[in-house]
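The values are calculated or read from the model by the stated rules, or taken from the named source; none is laboratory data. Model, not experiment: these values are computed from the prediction. Cβ coordinates were reconstructed from backbone atoms using ideal geometry, including for glycine residues, and neighbour counts include every protein chain displayed. Heads up: the accessible areas ignore ligands, DNA and RNA and are worked out on the full protein's heavy atoms, side chains in. Shrake-Rupley method; radii C 1.70, N 1.55, O 1.52, S 1.80 Å.
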2 protein chains.
Amino acid sequence: MVDQEIAQVRRFNRTVSQRIGALEGSYLALGRPLGEARLIFELGLADGSDLRDLRGRLGLDSGYLSRLVRSLEAQGLVEVRPAPEDKRVRRIGLTDAGRAAWRQYDERSDQLASSLLEPLTVSQRSRLLAAMAEIERLVRAANIEIGVEPADSADSRECLEAYYAEIDRRFEGGFALDGGNPFDPGDAIPPSGWFVLARLQGEAVGCGALKRLDVRTGEIKRVWVSPKVRGLGLAERIMGRLECVARNAGFTTLKLDTNRVLTEAHALYRKLGYRETERYNDNPYAHFWFEKAV
Amino acid sequence: MVDQEIAQVRRFNRTVSQRIGALEGSYLALGRPLGEARLIFELGLADGSDLRDLRGRLGLDSGYLSRLVRSLEAQGLVEVRPAPEDKRVRRIGLTDAGRAAWRQYDERSDQLASSLLEPLTVSQRSRLLAAMAEIERLVRAANIEIGVEPADSADSRECLEAYYAEIDRRFEGGFALDGGNPFDPGDAIPPSGWFVLARLQGEAVGCGALKRLDVRTGEIKRVWVSPKVRGLGLAERIMGRLECVARNAGFTTLKLDTNRVLTEAHALYRKLGYRETERYNDNPYAHFWFEKAV
DNA sequence: ACCATTATCTGACATTAGTCAGATAAATAG
DNA sequence: CTATTTATCTGACTAATGTCAGATAATGGT
């Protein structure tokens with residue numbers, strides 16, 4: 001990382017947090033304690049939440065949250081009732097008065113946003129918005145964390161299901177799990193396999209697997225990226241992580257197969273240095289076979 | 001302002017303040033109360049400040065600041081001594097230990113900045129940095145406030161001095177104030193004239209004047225933008241503001257004269273709808289004369 | 001020398017934020 | 001049915017943040 005790059009990020013942080021940080025701070029609280037204001041704002045976005053979820057989302061202590069809720073309840077801004085299906089959890093929602101309070105925060109946020117745009121010329125404004133969209137995308141990309149995880153967790157299964165559903169939709173003639181070259185979570189238990197999961201703020205948004213073929217050869221499988229985060233270069237990062245795992249495991253060659261309709265995948269494999277090679281398995285869904293020395 | 005534009009700004013705010021707002025929050029405080037941490041960080045950037053200035057910059061109550069400083073002093077991080085020229089004001093500076101503490105904050109900031117860049121590919125990284133630079137410029141532009149102010153305040157005089165110095169440097173043969181078409185602060189007292197000043201976070205960064213020629217005609221003079229903020233469209237905004245003042249004052253025509261070396265000004269005048277016209281004064285420094293109906 | 005002003009400090013508060021160890025009640029596993 | 005787990009609440013704290021009304025001392029103007 002070049003010092004100059006870091007300096008640019010820090011300059012940006014200073015400028016932006018002066019302008020936008022103010023937005024998050026007590027300026028927006030409209031005379032209410034910041035904690036209560038945050039709670040109301042959050043409820044406006046996700047009304048009818050469970051206290052349990054709120055605690056996680058806002059990172060609050062359970063005792064603290066309990067008192068905040070009590071205070072808002074006393075002010076007539078929220079209503080709390082036990083969830084019907086599990087009477088331990090309590091569900092919280094805004095009252096009409098609470099919704100009115102939320103609208104104030106919402107309007108204030110709008111005002112702050114438009115006060116940023118208002119002094120600018122039309123062309124400056126559109127450049128600002130374009131740059132904001134770009135940064136938003138890239139910051140999302142940077143927030144995605146990739147790690148080796150068990151392939152049989154709920155999150156992992158969710159990704160694999162989404163992957164199967166997608167290729168079933170896209171492959172000519174669909175896809176059935178019991179076909180050739182299968183993969184089950186047991187194939188991803190070291191040292192015979194590994195599974196990596198990508199998360200964006202906790203939510204699973206992509207995956208990939210590495211399966212041992214022999215002592216020096218691994219196979220990359222099940223690389224999938226959620227539509228929510230496509231175009232952020234995540235597939236490339238997942239591949240990179242799998243290659244890194246492979247090197248650590250002592251593999252010298254990586255292979256993979258792919259179906260002809262997955263053209264974007266072919267382009268990625270070539271870009272990453274994979275070369276087309278002869279058929280190395282009898283996967284009926286495969287039309288191309290690649291390999292790379294790592 | 002289009003709703004969609006406001007929504008984009010707010011999306012950006014959410015994304016960025018999650019990532020960067022964390023940077024400002026207690027995460028950076030390194031176990032110290034946030035107030036103390038902010039103070040140390042500020043002192044690292046502007047060592048040897050007066051308490052008075054600090055109070056303004058950080059927006060703190062004088063009693064509160066006094067206690068914060070006392071606490072840092074007890075920890076051996078800062079030294080406070082009366083200012084030699086005015087023994088009421090107290091000057092505060094970091095000790096060696098304080099500077100070491102500051103360096104920790106500085107490093108942590110660097111780490112956070114590079115953790116944002118690190119997961120990105122080279123091309124994503126350069127796109128992110130470019131977008132950040134763009135936003136920084138435009139947010140600075142949006143933070144500039146223009147208002148009618150007395151022409152004889154210290155800030156106003158400073159701008160005018162800078163203006164005179166600059167045209168003296170640029171005009172062929174220099175510029176002397178006692179030459180033709182003069183302007184003195186008295187010419188900017190309504191209803192015979194107005195003076196507008198542009199400020200970026202309190203600092204004067206540009207100015208412009210409007211002088212009455214007759215009941216229906218005004219003259220625009222002394223439009224100047226600090227080199228610090230050139231390229232942000234400020235001259236255009238100053239002109240716009242002067243035109244607005246002119247309309248409110250009942251003027252129907254605006255005139256202005258200009259020297260041939262100020263080519264960027266000519267382009268601006270034409271862009272804003274000013275048309276070249278015949279000489280209307282005997283200003284020896286003027287080569288072109290413009291006017292516009294407002 | 002006198003008075004108003006300015007910069008800071010101090011005491012006395014109030015509020016907000018946050019933590020932690022139980023207590024309670026509902027759900028769930030065995 | 002019992003033991004354990006889970007979600008929440010309560011009491012008892014501490015620390016941090018912030019406010020306000022004087023007190024104090026230096027300065028500047030007259």
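Just tell me which lysines come within less than 16 Å, Cα to Cα, of B:Lys211; anything on the same chain fewer than 8 places away is out.
B:Lys221, B:Lys255, B:Lys292
Mind grabbing the accessible area of B:His287 for me, 1.4 Å probe, Å², rounded to tens?
60
Using a probe of 1.4 angstrom, how much of the accessible area of the stretch A:3-119 is carbon and sulfur, in percent?
Working: 2930 of 6280 Å².
Within the stretch A:3-119, the accessible surface is 47 percent carbon and sulfur.
Which whole number gives the average, over all residues in B:119-126, of C-beta atoms from other chains lying within 10 Å of the residue C-beta? Could the numbers behind the result be given before it?
On the way: counts 10, 7, 6, 0, 1, 8, 6, 1.
Taking all residues of B:119-126 together, the mean is 5.
Report, for B:Thr252, each distance to the same residue's label point in the other copies, shortest first and in nm; define the point 7 Å along Cα→Cβ.
Label-point separations across copies, in nm and ascending: 9.2.
What list of ³J(HN,Hα) values in whole Hz, one per residue of the stretch A:2-13 in order, does the Karplus curve 6.51 cos²θ - 1.76 cosθ + 1.60 (θ = phi - 60°) give from phi, with Gly and Pro shown as x?
Calculated HN-Hα couplings, in order: 7, 3, 4, 5, 4, 4, 5, 4, 5, 4, 4, 4 Hz.
Once the label point is placed 7 Å from Cα along Cβ, list for A:Glu161 the distances to the corresponding points in the other copies, in nm, shortest first.
A:Glu161 label point versus its equivalents elsewhere: 7.2 nm.
Roughly how tilted is helix A:234-248, in degrees to the nearest 10 and between 0 and 90, from the longest Cα axis of chain A?
60
May I ask you to evaluate 6.51 cos²θ - 1.76 cosθ + 1.60, the Karplus curve with θ = phi - 60°, for each residue of the stretch A:54-62 and list the ³J(HN,Hα) values in order in whole Hz, giving x for glycine and proline?
4, 4, x, 5, 9, x, 10, 5, 5
Given a 1.4 Å probe and heavy atoms of the protein chains only, how would you sort A:Glu36, A:Glu149, B:Glu161, largest accessible area at the top?
B:Glu161, A:Glu149, A:Glu36
Using the 7 Å Cα-to-Cβ label point, sort the distances from A:Arg108 to its equivalents in the other copies shortest first and give them in nm to one decimal.
Going from nearest to farthest copy, the values are 2.7 nm.
If you take the square roots of the eigenvalues of the alpha-carbon gyration tensor of chain B and sort them as a ≥ b ≥ c, do you get rounded (a/c under 1.5), prolate (a/b over b/c) or oblate?
Prolate.
Using a 10 Å cut-off on Cβ to Cβ distances, tally the other chain neighbours for every residue of A:103-115 and report the average as a whole number.
If you average over the peptide's residues, the count of other-chain Cβ atoms is 3.
By its C-alpha gyration tensor, with a ≥ b ≥ c as the square roots of the eigenvalues, how is the stretch B:3-119 shaped: rounded for a/c under 1.5, else prolate for a/b larger than b/c, else oblate?
prolate
Amide H neighbours of B:His287 under 5 Å, counting only residues 5+ apart in sequence or on other chains, H built in-plane at 1.01 Å?
HN-HN under 5 Å from B:His287: B:Thr258, B:Asn259, B:Arg260.
Mind checking which chain B residue has its Cβ closest to the axis relating B to A, and how many whole Å off it is?
Spelled out as residue then distance in Å, it is B:Ala131, 2.
Once amide H atoms are placed 1.01 Å from N in the peptide plane, what residues at a sequence separation of 5 or more from A:Arg90, or on another chain, have their amide H within under 5 Å of its amide H?
Answer set, sorted by chain and number: A:Leu51, A:Arg52, A:Ala83.
Can you give me the accessible area per residue for the protein assembly as shown, using a 1.4 Å probe, in Å²?
With the other protein chains kept in place, the protein assembly as shown gives 49 Å² per residue.
Once a ≥ b ≥ c are taken as the square roots of the eigenvalues of the Cα gyration tensor of the protein assembly as shown, is the result rounded (a/c under 1.5), prolate (a/b larger than b/c) or oblate (a/b not larger than b/c)?
Prolate, since a/c reaches 1.5 and a/b exceeds b/c.
With θ taken as phi - 60° and the coefficients 6.51, -1.76 and 1.60, list the Karplus ³J(HN,Hα) couplings across the stretch A:80-96 in order, rounded to whole Hz; mark glycine and proline as x.
10, 9, x, 5, x, 7, 8, 6, 6, 7, 10, 9, 10, x, 6, 7, 4
Using a 7 Å offset from the Cα along the Cα-to-Cβ direction at both A:Phe171 and A:Ser153, what is the distance between the two label points in nm, to one decimal?
So the two model labels end up 2.7 nm from each other.
Lone cysteines in chain A, defined as no other cysteine's Cβ under 4.7 Å from theirs: which are they?
A:Cys244
To the nearest 10 square angstrom, what accessible area does B:Glu5 show with a 1.4 Å probe?
40
How many Å² of accessible surface get buried when A and B come together, counting both sides, probe radius 1.4 Å, rounded to the nearest 100?
Rounded to the nearest hundred, the buried surface is 5100 Å².
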